[in-house]
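Student: Handing you this structure, nothing more for now.
The values are calculated or read from the model by the stated rules, or taken from the named source; none is laboratory data. No experiment lies behind these values; they were computed from the predicted model shown. All Cβ positions, even for glycine, are placed from backbone atoms using ideal geometry, and neighbour counts span all protein chains on display. Accessible surface is based on the protein model in full, side chains and every heavy atom, while ligands, DNA and RNA are left aside. Shrake-Rupley method; radii C 1.70, N 1.55, O 1.52, S 1.80 Å.
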Amino acid sequence: MTTYPVEQLSRWDKEYVWHPFTQMQEYRREEPLIIERGEGSFLIDVRGNRYLDGISSLWVNVHGHNHPRLNLALKNQLDHIAHSTLLGLANVPSIKLAKKLVAITPPGLNKVFYSDAGATAVEIAIKIAFQYWQQYEGGRYKTKTKFVSLGEAYHGDTIGSVSVGGMDLFHAMYKPLLFHGYQIPAPFCYRCSFGQTAGSCRQECLTVAEQVISTHTAKIAALIIEPLVQGAAGMIVQPPGYLRRLREICTRHNVLLICDEVAVGFGRTGTLFASEQEGVHPDLMCVAKGLTGGYLPLAATLTTDKVFDAFLGDHAEAKTFFHGHTYTGNPLGCAVALESIRLMEEGDLINSTREKAAVLARELERFNELEHVGEIRRQGMMIGIELVKNRTTKEPYPREMNIGHQVVLHARRNGLIIRPLDNVIVLMPILAMSLEELKQVVDITYASIKAVTE
Ligand SMILES: *Cc1c(COP(=O)(O)O)cnc(C)c1O
């Protein structure tokens, strides 16, 4: 147990810590929940209360907390070295992990550039795509400098990542700081921008995408997308075939495809990577969150030989990719990532995840009975339950009701940690969670939504 009294920790938290994505004025009115330990699917606070981790500690945890094999891999690496630089030097775990990532990611992705967060992995993809066109074939395509992104997109919080973001609530404030690109409509079928329904859809969003891309192809470097599910937007699940068609459009118009698999990668959607489900081979791919099984901040941007080769040249040509972070390729992170991937393979985690996801789908059906559940969206183990004030008109709850937060607080009192995206209740269970625990997550969520909305 902690050596400080809980009250003191709580006071210090309110006094010294500025929490991310948090209105601190409200946060400081509530008693902070201070986590001290983890055990499998559970988080344990400083008072010894146990909570199911229903969002995998913000979408990162894969095998559970305090996993003996991951702990051991980390301790072993620690006995060798905690960190050395990749600038001009190599280290053992980063070599092994790069080889492994190339083997398990979609075909064609043969080079691995490390960083330390999803946002940095995206920044790197953006800079690589930009510089690629500056240098490819002697700069024949130098005008290709802009990016296409989706409405409602979320790619992280650094300036470049926000520039390709499309969530007004998070991003509008920073508009004056951002670079300009092209936005295509999100394929958000529940709230279709073209007013269509499943029966009337003629894939207008794809038609617009092709129009934008074909009109501006001379100016477009790349299109960036979260494949299959736009996570932070509220778990917007793309209709089947959407990603494949976008890939075809990009190929047809000489535009690179960046797949941001930061959230969807490492088994979340029912396959190791989401792109696989559509048979899509991106030109660049970003991974982070689940990469280390939720242990350490490590990310990677993968790309093809073709892209990589455009950066080769004599020292004086300055075709080098001038980018790096101090902790790039951190050996501890790489060692634990390797062990996490090994565990996934040994335990056949992807197949068992698919089976659990099927159970989850059945368990979620009864949420449709709740009067204020507008839509239940699910892809694999990523779930969004959109709460609406009026089910018929799909009228959202007003922001000041903070309905998502109310549900979260109720769930917390009943032993479940979740975090909403505005009015969407998110469930993102630890992939290794047992069926029994999963059912508990669903039961508590159901009861909480019912209690708060009825
Ligand atoms: C979380 C997320 C990011 C940002 O990752 P950080 O590690 O928080 O910087 C980028 N893209 C997607 C799709 C994400 O879900």
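Student: For a quick check of your reading of the model, give me the residue pairs whose first member lies in the range 94-114 and is buried (at least 20 other Cβ atoms within 10 Å of the Cβ), whose second is modelled with pLDDT under 95, with beta-carbon atoms closer than 8 Å and at least 6 apart or on different chains.
Tutor: none
Student: Same structure again: Tell me, which helices (runs of 4 or more DSSP H) lie completely within the range 102-212 with 2 or more residues that are under 20 Å from T301 (Cα atoms), modelled with pLDDT of 95 or more and touching a Gly at 6+ places or on another chain (Cβ under 9 Å)?
Tutor: Numbers: elements: 118-135, 159-163, 168-171.
Hits in the range 102-212: 118-135, 159-163.
Student: Is the range 168-177 home to any residue that is of a type in the set (A, V, I, L, M), open to solvent by less than 40 Å² (accessible area, probe 1.4 Å) and under 26 Å from the mean Cα position of the chain (by Cα)?
Tutor: As a first pass, look at the range 168-177 and keep what is of a type in the set (A, V, I, L, M): 169, 172-173, 177.
Now restrict to residues that are open to solvent by less than 40 Å² (accessible area, probe 1.4 Å): none.
No, the conditions are met nowhere in the range 168-177.
Yes/no matrix, rows are residues, columns are (1) within 16 Å of the ligand (Cβ to nearest atom); (2) over 20 Å from P93 (Cα atoms); (3) assigned to a loop (DSSP other than H, G, I, E, B):
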residue: T22; (1), (2), (3): yes, yes, yes
residue: E26; (1), (2), (3): no, yes, no
residue: R29; (1), (2), (3): no, yes, yes
residue: E36; (1), (2), (3): no, yes, no
residue: I44; (1), (2), (3): no, yes, no
residue: R47; (1), (2), (3): no, yes, yes
residue: L52; (1), (2), (3): no, yes, no
residue: N61; (1), (2), (3): yes, yes, yes
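Student: Within the range 199-220, can one find any residue that is within 15 Å of the ligand (Cβ to nearest atom) and either in the same structural domain as I376 (by TED's automatic domain parsing) or under 24 Å from R268 (Cβ atoms) (or both)? Before you say what the answer is, go through the steps one by one.
Tutor: Filtering the range 199-220 for residues within 15 Å of the ligand (Cβ to nearest atom) gives none.
No.
Student: What are the residues in the range 413-454 that are of a type in the set (D, E) and either without any contact (Cβ under 8 Å) to a residue 40 or more places away in the chain or open to solvent by less than 10 Å² (accessible area, probe 1.4 Å) (or both), if any?
Tutor: Of everything in the range 413-454, those that are of a type in the set (D, E) and either without any contact (Cβ under 8 Å) to a residue 40 or more places away in the chain or open to solvent by less than 10 Å² (accessible area, probe 1.4 Å) (or both) turn out to be E436, D443.
Student: Same structure, new question: Determine which member of the set G151, G165, G160, G156 is in contact with a strand residue (DSSP E or B) (Cβ under 8 Å, 6 or more places away or on another chain), farther than 24 Å from G241 by Cβ, within 16 Å of the ligand (Cβ to nearest atom) and open to solvent by less than 50 Å² (accessible area, probe 1.4 Å).
Tutor: G165
Student: So, one more: Which pairs turn up if I take residues in the range 72-86 that are part of a loop (DSSP other than H, G, I, E, B) and look for partners that are open to solvent by 70 Å² or more (accessible area, probe 1.4 Å) with beta carbon separation below 8 Å, at least 6 apart in sequence or on another chain?
Tutor: Every condition considered, the pairs that remain are H83/Y327; T85/T326.
Student: Could you tell me whether C189 is closer than 26 Å to D422 by Cβ, touching a residue at least 40 places away in the same chain (Cβ under 8 Å) and open to solvent by 40 Å² or more (accessible area, probe 1.4 Å)?
Tutor: Taking the combined requirement at face value, the residue satisfies it.
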